[in-house]
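Just below is one structure, and these are the notes that go with it.
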Amino acid sequence: MSNARAARKGKGGVGETVRTLIYAVLIAVVIRTVAYEPFNIPSGSMIPTLLIGDYLFVSKFSYGYSRYSIPFGPDLFPGRILGDLPERGDVAVFKLPSDPSTDFIKRVIGLPGDRIQMIESVLHINGEPVKRERIEDFVHIRADNVAIRIPQYVETLPNGRSYRTLDQTPTGPLDNTSVYQIRQGFYFMMGDNRDDSQDSRVTFAVGQVPVQNFVGRAEIMFFSTNGTGRFWEFWNWPKSIRWPRLFKTVQ
């Protein structure tokens with residue numbers, strides 16, 4: 001093979017590799033924009049539903065699309081298109097209204113027009129207390145291997161959606177609130193770990209969430225680690241992976 005032919009073949013090989021990489025990136029961007037986006041859980045505000053170290057897929061098509069469905073959030077169109085509205089009880093990722101570069105994940109509690117209030121740690125929707133049943137304590141293992149027992153409840157919303165919550169005390173700073181009147185086009189979000197969640201109850205930090213700020217609905221956990229090994233540290237997987245949580249749907 002002549003030097004010229006070898007050079008052309010080499011250039012063709014490099015060009016083909018570059019094109020393949022570009023196609024792969026474009027496909028990944030499209031999937032991330034219109035179908036599913038991966039997220040990891042960095043805080044304990046959604047314990048016991050979600051634990052620190054959980055990795056999950058969020059469906060982008062569940063609520064349709066807004067500017068925040070697209071990488072970098074360009075303001076191409078107002079509101080949302082091509083989807084259903086969030087439902088009470090959904091676990092959803094949204095952009096923080098005060099800082100759209102920050103993602104939060106909480107549960108949808110209040111819908112537009114609702115009145116939400118906490119009274120002695122009991123959730124009230126439109127003046128009615130939400131059913132709450134005490135169950136076994138949630139056991140949290142600290143980094144020093146000390147077990148902490150936290151009161152745990154099953155909360156059932158008016159539409160029948162049930163999930164577990166934690167409530168260490170009925171007298172916490174967010175356990176007794178004034179009435180929140182939810183504006184049209186806005187939603188009230190709360191963490192399941194009620195005494196350790198910065199959510200819509202904290203009006204100056206989160207407040208009510210505009211519908212266009214929703215990114216998607218949490219669907220399924222594809223990985224979970226207890227922190228002793230990161231996602232790429234496969235040699236630590238046997239002791240770090242929470243195997244029962246893999247491929248578990250988010251309720």
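The values are calculated or read from the model by the stated rules, or taken from the named source; none is laboratory data. All values derive from a computational prediction rather than experimental measurement. Every residue, glycine as well, gets a Cβ built from its backbone with ideal geometry; the counts of neighbours run over all protein chains shown. For accessibility, only protein heavy atoms count, side chains too; no ligands or nucleic acids. Shrake-Rupley method; radii C 1.70, N 1.55, O 1.52, S 1.80 Å.
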Using the Karplus curve 6.51 cos²θ - 1.76 cosθ + 1.60 with θ = phi - 60°, what ³J(HN,Hα) values do you get for each residue of segment 195-206, in whole Hz, with x for Gly and Pro? 8, 9, 9, 8, 9, 5, 5, 9, 5, 7, 9, 10
Of the cross-linked pairs Lys131/Lys248; Lys60/Lys131; Lys106/Lys131; Lys60/Lys248, which ones have a Cα-Cα span greater than 29 Å in the structure shown? Lys60/Lys131
Relative contact order (%) - criterion: Cα under 8 Å, at least six apart; region: the chain: 22 percent
Taking amide hydrogens as modeled 1.01 Å from N in the peptide plane, which residues meet the under 5 Å criterion relative to Lys248, leaving out close sequence neighbours? Met221
Quick one: what are the phi-derived ³J(HN,Hα) couplings along segment 152-167, Karplus 6.51/-1.76/1.60 with θ = phi - 60°, whole Hz, x for glycine and proline? 10, 9, 9, 9, 10, 6, x, 8, x, 6, 10, 6, 9, 10, 10, 8
So if each residue of separation counts as 0.36 nm, and I subtract the Cα-Cα distance between Arg134 and Phe247, what length gain in nm does that give? 37.9 nm
With a Förster radius of 35 Å, plug the Cβ-Cβ distance of Leu82 and Ile119 into 1/(1 + (r/R0)^6) and report the FRET value to the nearest 0.05. 0.35
Cα-centred dipole magnitude for the chain, charges only on beta-carbon of K, R (+1) and D, E (-1), debye, nearest 20: 1240 debye
Can you compute the label reach from Asn159? Point 7 Å from Cα along the Cβ direction, backbone N cut-off under 14 Å, restricted to segment 65-109. 84-92, 107-109
Expected 222 nm ellipticity per residue - DSSP helices of 4 or more, -39500 (n - 2.57), all of the chain, to 500: -5000 deg cm²/dmol
Accessible area expressed per residue, segment 84-123, with surrounding protein chains retained (probe 1.4 Å, Å²): 37 Å²
Accessible area of the chain belonging to carbon and sulfur atoms, whole % at 1.4 Å probe: 59 percent
If I fit a long axis through the Cα atoms of helix 3-34 and take the longest principal axis of the Cα atoms of the chain, what angle between them do I get, 0 to 90°, rounded to 10? 20 degrees
What list of ³J(HN,Hα) values in whole Hz, one per residue of segment 46-63 in order, does the Karplus curve 6.51 cos²θ - 1.76 cosθ + 1.60 (θ = phi - 60°) give from phi, with Gly and Pro shown as x? 10, 5, x, 5, 10, 10, 4, x, 6, 10, 9, 9, 10, 7, 7, 7, 4, 10
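Return the equivalent ellipsoid semi-axes of segment 166-251 as a descending list in whole Å, where each equals the square root of 5 times an eigenvalue of the C-alpha gyration tensor.
The three semi-axes for segment 166-251 are 33, 18, 11 Å.
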In angstroms, what radius of gyration and Dmax does segment 92-219 have, counting Cα atoms only? 14.9, 47
May I ask you to compute the full-extension gain from Phe61 to Ser98, defined as 0.36 nm times their residue separation minus their alpha-carbon distance, rounded to one decimal in nm? 10.9 nm
Share of antiparallel DSSP beta bridges in the chain, in percent to the nearest 5? 100 percent
Projecting each Cα onto the charge dipole of the chain (Lys/Arg +1, Asp/Glu -1 at the beta carbon, about the Cα centre), which of Val14, Pro97, Thr169 comes out farthest on the positive side? Val14
I want to check the label-to-label distance for Asn176 and Arg149. Put each point 7 Å from Cα in the C-beta direction and report it in nm to one decimal. 2.7 nm
